1. Taking Cα pairs under 8 Å and at least six residues apart, what relative contact order does the chain come out at, in percent?
2. With a probe of 1.4 Å, find how much accessible area segment 48-136 has per residue, and write the answer as a whole number in Å².
3. Full-extension gain between ASP182 and MET48, please, as 0.36 nm times their residue separation minus the C-alpha to C-alpha distance.
4. Translational diffusion coefficient of the chain at 4 °C, 1.567 mPa s, Stokes-Einstein with Kirkwood Rh over Cα pairs, in µm²/s as a whole number.
5. Taking the Cα centre of the chain as origin and charging only Cβ (+1 Lys, Arg; -1 Asp, Glu), how large is the dipole, in debye to the nearest 20?
6. What does the helix-only formula give at 222 nm for the chain: each DSSP H stretch with n ≥ 4 adding -39500 (n - 2.57), the total divided by the residues, and the result rounded to the nearest 500 deg cm²/dmol?
7. Put a dot 7 Å past each Cα toward the Cβ at VAL92 and THR57; how far apart are the dots in nm?
8. Place the peptides 183-193, 125-135 in order of packing, highest mean first, counting for every residue the other Cβ atoms within 10 Å and averaging per peptide.
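The values are calculated or read from the model by the stated rules, or taken from the named source; none is laboratory data. Here the structure is a predicted model, which is why all the values come from computation and not from measurement. Here the Cβ positions follow ideal geometry from the backbone for every residue, glycine too, while neighbour counts run over all protein chains shown. For accessibility, only protein heavy atoms count, side chains too; no ligands or nucleic acids. Shrake-Rupley method; radii C 1.70, N 1.55, O 1.52, S 1.80 Å.
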Amino acid sequence: MRKIFLVILILISTYGAFAQVLATANSPEYKNILKMSVAEFTRNTFQMGFERYFAPTTSFYLAAGLNFEDSDYNKIWGVRTEAQMRFHVFSVIKPKTSQRLYFAPYLLNQYFETEIKIYDTYGNDVWEKDSFDAFGGGMLFGWSFSFANRINLDVYTGGGLRKTFNYDRIDSNSYYNNGTFDYGYSGIMPRLGIDIGFWF
């Protein structure tokens, strides 16, 4: 089994070595983009991503992020990982800019450790601790725009299914797990994001 995996890995690496991918028509041939997610900052998450082109129309994107919040009411720490296989269905490469439209199935995993201040029936504040995982998958549609030879702007939308496991909040009516973008949410999850990166 390990030999088969190694052969597949070598074939993919070899296949990617011959891919000619231009950020713009005047730029050198690049195959990689290092990205930072602007949208994840709104959820107290610093996320970096790496996109590797195996062909002009196919790329693999891997992202990892750290979630952190330390306030008077919330102490939250988490890790976020995501993998996408991107299929670029339309590309226009000009001397100074390029545009690519793509579809991307994705898999997502999140792990959280939370301490949230709640109030008991007597009005006393209590710190409630929890740790849980969330898994998800779905489909994205995106627009990748490159300019200045190496700068890349990636805007995407879409959605999928998200399921949270081992979420043990006693206060089940809390707004922390009722909204679509809350930590303990399970259900259909919309996605909208913006990444900024550079080719190399």
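1. Dividing the mean separation by the residue count of the chain yields 19 percent.
2. Result: 53 Å² of accessible area for each residue.
3. Gain on stretching ASP182 to MET48: 46.1 nm.
4. Working: Rh = 18.8 Å.
It diffuses with D of about 69 µm²/s by this estimate.
5. Values: 19 positive and 19 negative charges, 280 e Å.
About 1340 debye.
6. Details: 1 runs with 16 residues, N = 200.
Calculated mean residue ellipticity at 222 nm is -2500 deg cm²/dmol.
7. Going from the THR57 label point to the VAL92 one covers 1.9 nm.
8. Working: 183-193: 15.8, 125-135: 14.3.
The most tightly packed comes first, giving 183-193, 125-135.
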